[in-house]
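Worksheet: the structure to be examined is printed underneath.
The values are calculated or read from the model by the stated rules, or taken from the named source; none is laboratory data. All of these numbers come straight from a predicted model, not from anything done at the bench. In this analysis, Cβ positions are derived from the backbone assuming ideal geometry, glycine residues included, and neighbour counts consider all displayed protein chains.
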Amino acid sequence: MKLPFFRFSKLSSFFSCCLLFLITLSFVVGCTNPAVYIKTTNETNATSSAEVGAVRLGFSAWPGWFPWQVAQEEGIFAAHNVPVDLKWFDGYLESISTLTAGQIDANSQTLGDTVNSVSGGADQVIVLVNDNSTGNDKVIVNENINSITDLKGKKIAAEEGTVDHFLLLLGLKKAGLTAQDIQFVPLETGKAAAAFVAGQVDGVAVFAPFTTQALKRPGSKELFSSRDFPGAISDHLVFSRKFVEQNPDKVQAVVDSWFATLDFMQQNPDKSYDIMAKRAGVSVEEYKAYADGTKIFTIEENLKAFQPANDMSSLIFAAEEMSDFLIETGLAAQKPDTSRLFDDRFVKAYAEKAEKA
């Protein structure tokens, strides 16, 4: 999950603080992890690329987005009469820029990154909450570091501007430290994990599945994670507004396919794990270890998230907080308009159909 947002505004609640960092997000693939060698491609759907009118849907390496692979391989999109050209991106940031450029119709990305795109002029719509990170973004350190204050003066690697970079900063602030108190080493996520395993840095901030790679260093351990900042990272299905306006039926079919996929996964866990682990480039056992670190949202949780509230459980509130952050940090010349960012009609329509069924 990625992009540069972080904030400690308003001195409100601790949760407000976390929210700011929620703005970034989550996925880049690289280096020695097997997933790295899978190129950006639409090979996940060999036939749909030639199919006129297919929904071009992007996703990248994050446990909350791997269910799209299950939907494709199990024919769930086809069962909902929606052709999907599923595109895998090794680099999460590449997927964001590809959506912004109009080269795909939809993408899997964080709330923070979407607000950032809107601030830059993109016209995008969030139609679904995939998940919240509850531990799969981690700061991992060597055996000599036992507290956040021990990070002072140490070499810590992360991909600059990503959610994990800001998770690191959030942890530092909590301990009364600043970015200047560490030796920050900016590296692409896969390379950051590899540098840590090679002993070139003292700690690393990465997301799953690169957490698995980093923890292979003898004596390594988790110092803190997104679990310590609940609700700070939310992940979504994001469409261009133009596509939503011109193809509401296809958007609905993709949303329906998502929830049908979750049902399939619940009924066929072993088969689903096999598919997702293969896409992630890790073993099934390694993939299962990610389960507690990602909270997949139910339809009920989706409906609640789209409603107004005065805390970070509400996407509307969260987006406003992040918009303020953009202005405060100078990342936006004017406050982005998030009033049309959320469209819950598709999850509502699914909920109505599910209730009748």
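Observations on the structure shown:
Conditions tested, residue by residue: (1) surrounded by fewer than 24 Cβ atoms within 10 Å (Cβ to Cβ); (2) in contact with a Phe, Trp or Tyr (Cβ under 7 Å, 6 or more places away or on another chain); (3) under 14 Å from residue 106 (Cβ atoms).
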{"residue": "193", "(1), (2), (3)": "no, yes, no"}
{"residue": "196", "(1), (2), (3)": "no, no, no"}
{"residue": "223", "(1), (2), (3)": "yes, no, no"}
{"residue": "226", "(1), (2), (3)": "no, no, no"}
{"residue": "238", "(1), (2), (3)": "no, no, yes"}
{"residue": "247", "(1), (2), (3)": "yes, no, yes"}
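- Residue pairs meeting the criteria (Cβ under 8 Å; at least 6 apart or on separate chains; first in a loop (DSSP other than H, G, I, E, B), in region 278-295; second at pLDDT 95 or above): 283/277
- Among the residues making up region 91-116, those that are part of a helix (DSSP H, G or I), modelled with pLDDT of 90 or more and in contact with a Ser or Thr (Cβ under 8 Å, 6 or more places away or on another chain) are 94, 95, 96, 99, 100.
- Residue among 154, 174 that alone is surrounded by fewer than 19 Cβ atoms within 10 Å (Cβ to Cβ) and either at pLDDT 95 or above or of a type in the set (Asp, Glu) (or both): 154
- Some residue of region 152-175 being without any contact (Cβ under 8 Å) to a residue 12 or more places away in the chain and assigned by TED's automatic domain parsing to the domain that holds residue 220: no
- Qualifying residue in region 326-338 (condition: out of contact with any Gly (no Cβ under 9 Å at 6 or more places or on another chain), farther than 25 Å from residue 105 by Cβ, assigned by TED's automatic domain parsing to the domain that holds residue 53 and β-branched (Val, Ile, Thr)): yes
- Within the option set 315, 262, being under 25 Å from residue 166 (Cα atoms), in the same structural domain as residue 119 (by TED's automatic domain parsing), out of contact with any Leu (no Cβ under 6 Å at 6 or more places or on another chain) and surrounded by 15 or more Cβ atoms within 10 Å (Cβ to Cβ) holds for one residue only, 315.
- So residue 237, is it under 29 Å from residue 312 (Cα atoms), assigned by TED's automatic domain parsing to the domain that holds residue 343 and modelled with pLDDT of 95 or more: yes
- Residue match in region 323-346 (condition: assigned to a loop (DSSP other than H, G, I, E, B), closer than 19 Å to residue 70 by Cβ and not polar (S, T, N, Q)): no
- Taking the criterion of being touching a residue at least 40 places away in the same chain (Cβ under 8 Å), in contact with a helix residue (DSSP H, G or I) (Cβ under 7 Å, 6 or more places away or on another chain) and within 19 Å of residue 52 (Cα to Cα), the residues of region 80-103 that qualify are 80, 81, 82, 84, 85, 86.
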